[in-house]
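One structure, as structure tokens, below. Some questions next.
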Amino acid sequence: MSTATDPTAAEKWHPEDESPRTFGALVSGYVDRLRGGDVGSLPAVLGLVTLVIVFSVLRPDTFPTAYNIGNLLGQSAGIVVLAMGLVFVLLLGEIDLGAGITGGVSAAAMGIVLSRHGWPTVPAILVGLLTGAVIGFFIGILVSRLGIPSFVVTLATYLGLQGVLLKQTGAGGTIPLQNDFIIKLNNGNLSVALGWVLAIVIIVGYVGGTFWSMRRRRSAGLTAESNLQWALKAITLTVIVLAVVTFLSAERGPHPNLKSIRGLPISLVLMIGLLLVLSFALSRTTWGRHVYAVGGNAEAARRAGINVAWIKLTCFVVASTIAAIAGILLASRTNSISPTTGGGTTLLYAVGAAVIGGTSLFGGKGRIIDALIGGIVIKIIDNGMGLLDQDQGTVWMVTGGVLLLAASVDAVSRRRASASGRV
Amino acid sequence: MSVDTPERTGPTGPTTQPLLTLRGIQKSFGAVHVLRGVDLDVRPGRVTALVGDNGAGKSTLIKGIAGIHPFDEGDYSFDGQPVKVHGPKDSNALGIEVVYQDLALCDNLDVVHNMFLGREITKGGLIDEDTMEKRARETLDGLSVRTLKSVRTHVSALSGGQRQTVAIARAVLWNSKVVILDEPTAALGVAQTEQVLKLVRRLADRGLGVVLISHNLNDVFEVADDIAILYLGAMVGQVETSDYTREQIVTAITTGQLPAKTGGAA
């Protein structure tokens, strides 16, 4: 800080607002945080790396290929996006057991106007999203105004909407999707050139944006990252983005002369887009801040003048609308909507994804990126075990084990946190 | 803020014109008559301790002042003007802030976020973290707070005294004129109690009217300029701290009778 000449500088006393400037200080600061129980998404990232290494060693010929990774991202998209929506209700300490089926019903609504009534693409997608929003509004009203526990309300919507979905598809039938645009959402790829443009925009945007804000905050004498922290983050992001884009830009089709597959999967771009938009909403708007406040201490939020019922209602609407996007992605993947779209293990995988990523079921703690990391962890197990020719029984047992492990890490870190005074 | 210093205007206590004046306050909850004609003066630059046994009506009185449970009858004036307070927003608008016993902080948010909770500063629709952090620091530095190492610490990582400090700093952030503290030292150790009491004194020295609710007469005699004693919903009296001994105040709290003053400064 450059206020040494300021006579009041001696009055200011915030020693820990200084950021670590050396590599050693950075590492020891991070270790302190871990010891204090603030593990963040470290366990999920470690789990992800471990799983990738294990499957790459066991199936070097199939697992780490660009073809499989592209596939994996497409398989994950539905769960990841659903989990992103769930983060909003989990942050409040609530739950939406029906979110998966909400996605199915919304996708079916879209499919019906599309295939049976011949609607154009955009209005049809809007019908799907609106269906999700209406379901979310219904749940939100019951939870926030009538005070019914969300577990019960969404247990009812889970059962009831499954019935609705069955009626929509017709007994035993499916709603086929023939719309190219929608099918491409979770099967198509961006052109290689566009992928690179996107990568450069993201890198320049992040590196430039964080650099500018670091300088601005430092010159204003506020808490700011040190150059070293900023550089490490910028380099890490740049390397990851470049590596992913390079990896996925190469030809990865098994029969390139019949059908060329290359470029970033559109599903990945959608996930990243949602990640940025939703994270921004949570961290930079008053609404997002109030979501954390209500989840952390609803009574404190109420006394601070925050409309708690409104925050709850909007979170359910947002979660269900995002669930509709997830439903559309699931339908796009299978080119159709069936009575099981969004059913089965979908919702449980999505909740598991958020928890593995580090979101707490007790509310107040969680980020959108948790859903992305956790969702990919869960789907890697599915994908890798499939390549190892394991049956579904084993897959579920392993997935359950990983979830338990994540919950244990959370519990242990929570205990440490309460011992050291962190959450 | 009123700076003219006329004659004594309240029932007791000299010095300046009161910021907040209550006269003949009545409040009932159903058949229970909780406040029976209470008078209270809060003056700028002074710490007024509000004492009384359990059930004397201390909480009801401050909830009425804050507008959470508005009074049934009586005169409520602020800065010499009669006012109507029907909700917390009204009292906040007047410049009255209440720091509740359970603090009402969000553990999962940091110090800056808590201080601005519900009243975030925005720029172009987005949260203006820079301005908020700056103002939070200015407020803390202005109160000479030496216990908070970083304004970006999560509240969950703070000790009881530090939390109390954050809650008090939040109350003075809004150019408030009257700060009401409900049992601020109830759960604190000796050293932390000392810190918080010093902070309470500093608030008054900055010209705020401070109401301190406390069961601990040590605290009261350490920082309060005057003491208002409630007994079964009625005000026994609002007296200068220097005029009375601890034993006399205890008698007043337990019997509702104020002994003759032993003398002191006044």
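Enumerate the pairs (first residue in the stretch A:96-110 and in the same structural domain as A:Met84 (by TED's automatic domain parsing); second residue anywhere and in a loop (DSSP other than H, G, I, E, B) and modelled with pLDDT of 95 or more) with beta-carbon separation below 8 Å, excluding pairs fewer than 6 apart on the same chain, so at least 6 apart or on different chains.
What qualifies is A:Thr102/A:Asp96.
Go through the stretch B:151-184 and report how many residues are more than 12 Å from chain A (Cβ to nearest Cβ) and polar (S, T, N, Q).
Total meeting the criteria: 4.
Could you list, ordered by first residue, the pairs with Cβ atoms under 7 Å in which the first is in the stretch A:214-225 and under 16 Å from A:Arg21 (Cα atoms) and within 7 Å of chain B (Cβ to nearest Cβ) and the second is open to solvent by 40 Å² or more (accessible area, probe 1.4 Å) and in a loop (DSSP other than H, G, I, E, B), at least 6 apart or interchain?
Taking only residues 6 or more apart or on different chains, the pairs are A:Thr223/B:Arg152.
Filter the stretch B:136-146 down to residues that are touching a residue at least 12 places away in the same chain (Cβ under 8 Å) and more than 9 Å from chain A (Cβ to nearest Cβ), then give me how many there are.
3
Further, regarding this structure: Taking the stretch B:216-236, which residues are within 20 Å of B:Asp39 (Cα to Cα) and surrounded by fewer than 16 Cβ atoms within 10 Å (Cβ to Cβ)?
B:Leu232
Considering only residues that are hydrophobic (A, V, I, L, M, F, W, C) and not in a helix (DSSP H, G or I), look in the stretch B:166-187 and name the one that is surrounded by the most Cβ atoms within 10 Å (Cβ to Cβ).
The selected residue is B:Leu181.
Cβ contacts < 7 Å: first residue more than 7 Å from chain B (Cβ to nearest Cβ), restricted to the stretch A:290-306; second residue of a type in the set (Phe, Trp, Tyr) and part of a helix (DSSP H, G or I), any location; separation 6+ or different chain. Result?
A:Val291/A:Phe88
Any chance you could count how many residues in the stretch A:159-186 are open to solvent by less than 70 Å² (accessible area, probe 1.4 Å) and of a type outside the set (Val, Ile, Thr)? Even if it seems obvious, please write down each step before you answer.
Our first condition is that a residue be open to solvent by less than 70 Å² (accessible area, probe 1.4 Å); within the stretch A:159-186, this holds for A:160-165, A:168-170, A:173, A:175-177, A:179, A:182-183, A:185-186.
Filter once more, so that each one left must be of a type outside the set (Val, Ile, Thr): A:160-163, A:165, A:168, A:170, A:173, A:176-177, A:179, A:185-186.
The number of residues fulfilling the criteria is 13.
While we're on this one: Those residues that are under 30 Å from B:Gln257 (Cβ atoms) and either without any contact (Cβ under 8 Å) to a residue 12 or more places away in the chain or assigned to a loop (DSSP other than H, G, I, E, B) (or both), I need them from the stretch B:51-76; list them, please.
Within the stretch B:51-76, B:Asp53, B:Asn54, B:Gly55, B:Ala56, B:Gly57, B:Lys63, B:His69, B:Phe71, B:Asp72 meet the criteria.
Could you look through the stretch A:1-52, keep only residues that are open to solvent by 40 Å² or more (accessible area, probe 1.4 Å), in a helix (DSSP H, G or I) and within 11 Å of chain B (Cβ to nearest Cβ), and pick out the one that is modelled with the highest pLDDT?
If we take residues in the stretch A:1-52 being open to solvent by 40 Å² or more (accessible area, probe 1.4 Å), in a helix (DSSP H, G or I) and within 11 Å of chain B (Cβ to nearest Cβ), then A:Arg33 is modelled with the highest pLDDT.
Among residues belonging to the stretch A:274-290 that are open to solvent by less than 30 Å² (accessible area, probe 1.4 Å) and within 15 Å of the chain's Cα centre (by Cα), point out the one that is nearest to A:Ile369 (Cα to Cα).
A:Leu275
For the list (1) facing chain A (nearest Cβ under 7 Å); (2) in contact with a Cys (Cβ under 8 Å, 6 or more places away or on another chain); (3) not in a loop (DSSP other than H, G, I, E, B), I need the number of the one condition that B:Glu133 fails.
Of the numbered conditions (1) facing chain A (nearest Cβ under 7 Å); (2) in contact with a Cys (Cβ under 8 Å, 6 or more places away or on another chain); (3) not in a loop (DSSP other than H, G, I, E, B), the odd one out for B:Glu133 is (2).
Next up: Taking the condition of a type outside the set (Lys, Arg), modelled with pLDDT of 90 or more, under 24 Å from B:Thr193 (Cα atoms) and surrounded by 15 or more Cβ atoms within 10 Å (Cβ to Cβ), does B:Leu203 pass?
Judged against the criteria, B:Leu203 is not a match.
Only one of A:Leu114, A:Leu90, A:Leu155 is within 26 Å of A:Ile306 (Cβ to Cβ) and either within 23 Å of the chain's Cα centre (by Cα) or open to solvent by 20 Å² or more (accessible area, probe 1.4 Å) (or both); which?
A:Leu90
While we're here: If you go through the stretch A:53-71, how many residues are without any contact (Cβ under 8 Å) to a residue 40 or more places away in the chain and assigned to a helix (DSSP H, G or I)?
Going through the stretch A:53-71 one residue at a time, the tally reaches 3.
Restricting the search to the stretch A:259-286, which residues are under 23 Å from B:Ser156 (Cα atoms) and either outside any helix (DSSP H, G or I) or within 9 Å of chain B (Cβ to nearest Cβ) (or both)?
Those that are under 23 Å from B:Ser156 (Cα atoms) and either outside any helix (DSSP H, G or I) or within 9 Å of chain B (Cβ to nearest Cβ) (or both): A:Ser283, A:Arg284, A:Thr285, A:Thr286.
Just the residues that are of a type outside the set (A, V, I, L, M) and in a strand (DSSP E or B), please, taken from the stretch B:77-127. Break it down into steps so the answer makes sense when it comes.
Of the stretch B:77-127, the ones of a type outside the set (A, V, I, L, M) are B:77-82, B:84, B:86-92, B:95, B:97, B:100-102, B:106-108, B:110, B:113-114, B:116, B:118-120, B:122-125.
The answer is B:Ser77, B:Phe78, B:Gln81, B:Pro82, B:Glu97, B:Asp110, B:Thr122, B:Lys123.
Cβ-Cβ distance below 8 Å, separation of 6 or more or different chains: which pairs start in the stretch A:117-130 with a residue that is of a type in the set (Val, Ile, Thr) and end on one that is assigned to a loop (DSSP other than H, G, I, E, B)?
A:Thr121/A:Asn179; A:Val127/A:Trp119
On the given criteria, is A:Arg289 of a type in the set (Lys, Arg) and assigned to a helix (DSSP H, G or I)? Walk me through it before giving the result.
On the way: of a type in the set (Lys, Arg): yes; assigned to a helix (DSSP H, G or I): yes.
Judged against the criteria, A:Arg289 is a match.
Further, regarding this structure: Right, B:Val151: in a helix (DSSP H, G or I) and modelled with pLDDT of 85 or more or not?
Values: in a helix (DSSP H, G or I): no; modelled with pLDDT of 85 or more: yes.
No; evaluated as a whole, the condition is false for this residue.
Which of the residues belonging to the stretch B:103-127 are more than 8 Å from chain A (Cβ to nearest Cβ), open to solvent by 10 Å² or more (accessible area, probe 1.4 Å) and in contact with an Asp or Glu (Cβ under 8 Å, 6 or more places away or on another chain)?
B:Ile121
In addition: Give the stretch A:283-329 a look and list any residue that's hydroxyl-bearing (Ser, Thr, Tyr) and more than 20 Å from B:Asp107 (Cβ to Cβ), or say none.
Across the stretch A:283-329, the qualifying residues are A:Thr285, A:Thr314, A:Ser320, A:Thr321.
Could you please let me know if A:Ser260 is free of Cβ contacts under 8 Å to residues at least 24 places away in the same chain, hydroxyl-bearing (Ser, Thr, Tyr) and either open to solvent by less than 30 Å² (accessible area, probe 1.4 Å) or not assigned by TED's automatic domain parsing to the domain that holds A:Leu97 (or both)? Reasoning before the result, please.
Details: free of Cβ contacts under 8 Å to residues at least 24 places away in the same chain: yes; hydroxyl-bearing (Ser, Thr, Tyr): yes; either open to solvent by less than 30 Å² (accessible area, probe 1.4 Å) or not assigned by TED's automatic domain parsing to the domain that holds A:Leu97 (or both): yes.
The answer is yes for A:Ser260.
Collect the residues in the stretch B:184-205 that are in contact (Cβ under 8 Å) with a residue 40 or more places away in the chain and within 20 Å of B:Pro44 (Cα to Cα), keeping them in residue-number order.
If the condition is that a residue be in contact (Cβ under 8 Å) with a residue 40 or more places away in the chain and within 20 Å of B:Pro44 (Cα to Cα), then B:Pro184, B:Leu199, B:Val200, B:Arg201, B:Arg202, B:Leu203, B:Ala204, B:Asp205 are the ones that fit.
Mind listing whichever residues of the stretch B:238-266 are in contact (Cβ under 8 Å) with a residue 60 or more places away in the chain, surrounded by 16 or more Cβ atoms within 10 Å (Cβ to Cβ) and under 18 Å from B:Arg46 (Cα atoms)?
Those that are in contact (Cβ under 8 Å) with a residue 60 or more places away in the chain, surrounded by 16 or more Cβ atoms within 10 Å (Cβ to Cβ) and under 18 Å from B:Arg46 (Cα atoms): B:Gln238, B:Val239, B:Glu240, B:Thr241.
The values are calculated or read from the model by the stated rules, or taken from the named source; none is laboratory data. None of the values given here were measured: they were computed from a predicted structure. With ideal geometry, Cβ positions are generated from the backbone for all residues, glycine too; neighbour counts draw on all protein chains shown. When the accessible area is computed, the model is the full protein with side chains, heavy atoms only, and any ligands, DNA or RNA have been set aside. Shrake-Rupley method; radii C 1.70, N 1.55, O 1.52, S 1.80 Å.
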